[in-house]
1. Considering only the stretch B:4-23, I want to know if a residue exists there that is more than 9 Å from every other protein chain (Cβ to nearest Cβ), out of contact with any Leu (no Cβ under 6 Å at 6 or more places or on another chain), in a helix (DSSP H, G or I) and open to solvent by 50 Å² or more (accessible area, probe 1.4 Å).
2. When residues of the stretch B:53-77 are filtered for being of a type outside the set (S, T, Y) and within 12 Å of another protein chain (Cβ to nearest Cβ), how many remain?
3. Would you mind telling me which numbered condition in (1) in a loop (DSSP other than H, G, I, E, B); (2) within 16 Å of the ligand (Cβ to nearest atom) B:E88 fails?
4. Can you tell me which of A:T341, A:T306 is outside the structural domain of A:W207 (by TED's automatic domain parsing) and in a loop (DSSP other than H, G, I, E, B)?
5. Could you grab the pairs with beta carbons closer than 6 Å, sequence gap of 6+ or different chains, first residue in the stretch B:1-20 and in contact (Cβ under 8 Å) with a residue 12 or more places away in the chain and near the ligand (Cβ under 8 Å from one of its atoms), second one in a loop (DSSP other than H, G, I, E, B) and open to solvent by less than 40 Å² (accessible area, probe 1.4 Å)?
6. Restricting the first residue to the stretch B:46-70 and requiring it to be among the aromatic types (F, W, Y), which pairs with a second residue that is in a loop (DSSP other than H, G, I, E, B) meet a Cβ separation below 7 Å and a spacing of at least six or different chains?
7. How many residues, within the stretch A:658-696, are farther than 19 Å from A:V764 by Cα and open to solvent by less than 10 Å² (accessible area, probe 1.4 Å)?
8. Just for the stretch A:804-839: of the residues that are small (G, A, S) and assigned to a loop (DSSP other than H, G, I, E, B), which one is most open to solvent (accessible area, probe 1.4 Å)?
Amino acid sequence: MSGYRVTGAGRVDRARTVAFTFDGQTYQGYEGDTLASALLASGVTLFGRSFKYHRPRGVMAAGVEDANALVSVTRGPGRFTPNLRATAVEIYEGLEASSQNRWPSLKTDMLAVNDRLGMFFPAGFYNKTFMWPRSFWEKLYEPTIRKMAGLGNSPTEIDPDHYTAAYVHCDLLVVGAGRAGLEAALAEAGSDKRVILIDEQNELGGWALSDPDQAQWLAQSVATLTAAANVRILTRCTAFGFYHDNFVGAVERLTDHLAQPGSGAREKLWRIRAGEVVLAQGAIERPLVFEGNDTPGVMLASAARTWLYRYGVAIGRRPALMASHDSGWQDAFAMAAGGVTISAIVDVRDTVDDALLRQAADLGIAVHLGSSVIGVSGRHKVTGVEIAANSGTGRKRIACDALMMAGGWTPTLHLWSHSKGTIAWDESLGAYVPDKANENVRCAGACSGQMDLGTGVVVPALPTPKDASRIKAFVDFQNDVTAKDIGLAVREGFKSIEHVKRYTTNGMATDQGKTSNINGLQLAATALGRPVVDVGLTTFRPPYTPQTFGALAGHAKDALFQATRKTGIDGWAQDNGAVFEPVSQWRRAWYFPQDGEDMHAAVNRECRAVRESVGIFDASTLGKIEVVGPDAAEFLNRMYTNPWKMLEPGRCRYGLLLREDGFITDDGVAGRISPNRFHVTTTTGGAARVLAMMEDYLQTEWPDLDVWLTSTTEQWSVIALQGPRARDVLSALDTDIDLSPEAFPHMSVRLGQICGVPVRLFRVSFTGELGFEINVPAEYGPAVWKQIVAAGQPYGITPYGTETMHVLRAEKGYIIVGQDTDGTVTPMDAGLNWAIGKKKKDFVGKRSLARPDIVAPGRKHLVGLLTEDPSLVLEEGAQIVADPAQPVPMTMLGHVTSSYWSEALGRSIAFALVAGGQERMDETLHIPMPGAVHKAQVSGMVFFDPEGARINV
Amino acid sequence: MLLIHCPYCDEKRPEIEFAYGGEAHIARPLDPSALSDEEWETYLFIRSNARGRHHERWRHIHGCGRFFNAVRDTVTDKFETTYKAGEERR
Ligand SMILES: [Zn+2]
């Protein structure tokens, strides 16, 4: 025996040593070791500090259920992972791991003083103590609590790894590759079913890996499954959640166990849709609840057996056993057979099976029945235990250097419960077992409650002669919840287990109560004096074990998080120095700064160019819907507020779209291309929503209408040419369309060709100037744009962006749906009564315009605002009040929706939604903003060229 | 993720291909102007909010594009059936 490594035992590869560090100190283990097994083999017992009391903690379990030994692993910049379980970290050459939640070091932790102050940290401590005032929470309590109580540090750098994902379908998914899972997969090996077998560990076998008697069977089974073409085996893969219709999420860890991770993906998210699911997740042994049960060196009996037979590590030279269940005796016997001296077996039961007693006697192990451990000596390592008869008499000390505890078994029901399968209480197991399935899923093996591990009794907490109010007997080791805390919660009136859980935080740590739920439940039920089934069980939720955000995000990050839509002209804008802004999913040119201009200067120059000569703007993002069919006009007539049936081909109309509740949802110009064909435009952000709304009415309300709807947003490049010289520029290009004002008046559309390509040429304006919108097939957009820019050089043609577009439209009083409206604005509120077809009997939303709330006085109206100080540009979103001297909280009349500096007017302009605004013309209102309260006068919304003379030229 | 049977495609497809469309069988009145405020309110806003069998509309928006009706249990989140728009309530 070297250290605690046992010669000849275990599956680790003795030929391959692996060097790694823990808290800066170098250790050696073997390939196949976990961080926990390698450290235990080196005699390390102290792994971490507990969450609240900073108590020394070792490993309690050998698998992912361990609640104590949380560590951080770092492997270079950005590759820092906190809160890993040492029992699930495979060692590799050069691994750097460190303990958590201690300062300045693991052995000397200053905050361990919390343990002595334990009486001040009862259940509900945070709720009771840190209550008021609120600012104390942000500035004092929370930072202090976070520093003192907690887990590992959050990573501070961006994770440079990448993560991948796949969808996969199978006929049979087996979760867990212990004996039951392997048998389920073997039953279909070589069949025509697609089988997936997944297991969270590095090799298949589950408990069989800890049982040398099963080694040969295991090797044969793995060989059979590996050879079966229809079976896909995924190891290091955790099925973390079971979702509707046999949809299981699993994360496969690809590189964390490798010394050289390479450049491949770190983890892979499998989205598995299975015909049938077999859950073979096994069972987890329960700790026993007694004082000192969290001392390093106290651990589950089954874990001790796993350390010995899977990893070749003895947990001590002479461990003792505290049992309430036969399985612990078997573990102790197996340890003895492996050469480990068992110093004593203590069992809370007065009688046990004679066969156990005989075997103990044969092995020379002292047995104490009807007795319990009532204390553990040693702070960083067990040095002995104190036991007493259950009556409290006969206290004595037993020398030992580790303590195994065997409290019975809890079937792992997590995924079963995710699938909404019901559970039933099994009195003999003292645990819940699966009952009725809600999906095509079944449990196999220990997680179904079928165990051949002998019998036991359920003891919420071991009897002790000590004052129960003065001892710490842990239930939830990770959140530092003691039996006392659960008793206190019940005394304070919490009767539902869900409330007890939240008040005490039992089962709410990263281990999700894998080892604590049932003990907590038993304690609560006992304190309440009610049967366990009446107290219930808390809900299991995904993930089964913590998963990385990286795995869940996969490729959906950075540029791939969301598609960036770009127009055909986007490249020209980029080449010409555009600054971009996101508009829904599009990136749009915001403004085109020249020679070091700031945004303000650039926008003013662009505005002047459009008002004085000509500007060019990429309007391709406008939503476009082709509405075609004999009933196209009738359809639009029903959808939009405006009348459409009399619109002649070649003419355009502004359309206003309401929801059925009467509120504005979109607007845009539509042109009638032919009697049966309309070219409808929508707002940039509203395109998909409007098409879906139209489809809804067409398919479900008016299926009799003969109409087809097609999204054509990306089929057209749209170039807006705006300004008094727009016609001059267009005339210089090759086109067969008569551009004269007589032949082509405002609000018309013509079909023809321009620069040799087909065009739908609209004469429309969103600037108040003479304007055209040139629609060409998308692929021709950049070429036509460049020809227009070239033709416009004599007129100083100026590209402008969305900011200038906003200013120019605001000067003219044109609203932007979604900016000046917010889903609660009617046409009357927005001053758009003129857009409502008065003679129309019906359209979507018409009836609602007569709803009592809509016709009631005092609604917010969209109005103009002119600040007293013409140079002051109000903040969009600023609130408006009538009297700034009124006491706080003030009565707010509304808010500013749009606000700009108007270069054409030499002053600021704004729109606002104001209660009763249309009755407040010329009234002075007040706008409190940071630093000052500003005055502004209510006005109409058309600030520039109110007669519209500039458009009709 | 639910699997939903599209009665037009006659296939079970993943939920992400579909968009929910609210309660089914609430026909838009033929002449809304003839309705009282209360009747119009009922049409616009009042829904059954069923606990259990719920008739609802779905659209196979990333598939065939068609609206159809479904009966889903709001407690178990299981679909009982789906059927084409215009067919009798089930
Ligand atoms: Zn379909």
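The values are calculated or read from the model by the stated rules, or taken from the named source; none is laboratory data. Quick caveat, the model's predicted, so the values are computed rather than measured. Heads up, the Cβs are rebuilt from the backbone with ideal geometry, glycines too, and the neighbour counts pull from every protein chain shown. These area figures cover heavy atoms from the full protein model, side chains too; ligands, DNA and RNA do not enter into them. Shrake-Rupley method; radii C 1.70, N 1.55, O 1.52, S 1.80 Å.
1. yes
2. Within the stretch B:53-77, the subset of a type outside the set (S, T, Y) is B:53-73, B:75, B:77.
If we keep only those that are within 12 Å of another protein chain (Cβ to nearest Cβ) as well, we get B:57-62, B:64-69, B:72-73, B:75, B:77.
Qualifying residue count, the stretch B:53-77: 16.
3. Unmet condition: (2).
4. On the way: A:T306 fails: in a loop (DSSP other than H, G, I, E, B).
Only one candidate passes the filter, namely A:T341.
5. B:C6/B:H60
6. As it stands, the answer is B:W58/B:F18; B:F67/B:A85; B:F68/B:P7; B:F68/B:Y8; B:F68/B:A85, since those pairs meet every condition given.
7. 6
8. Only one residue tops the list, namely A:G818.
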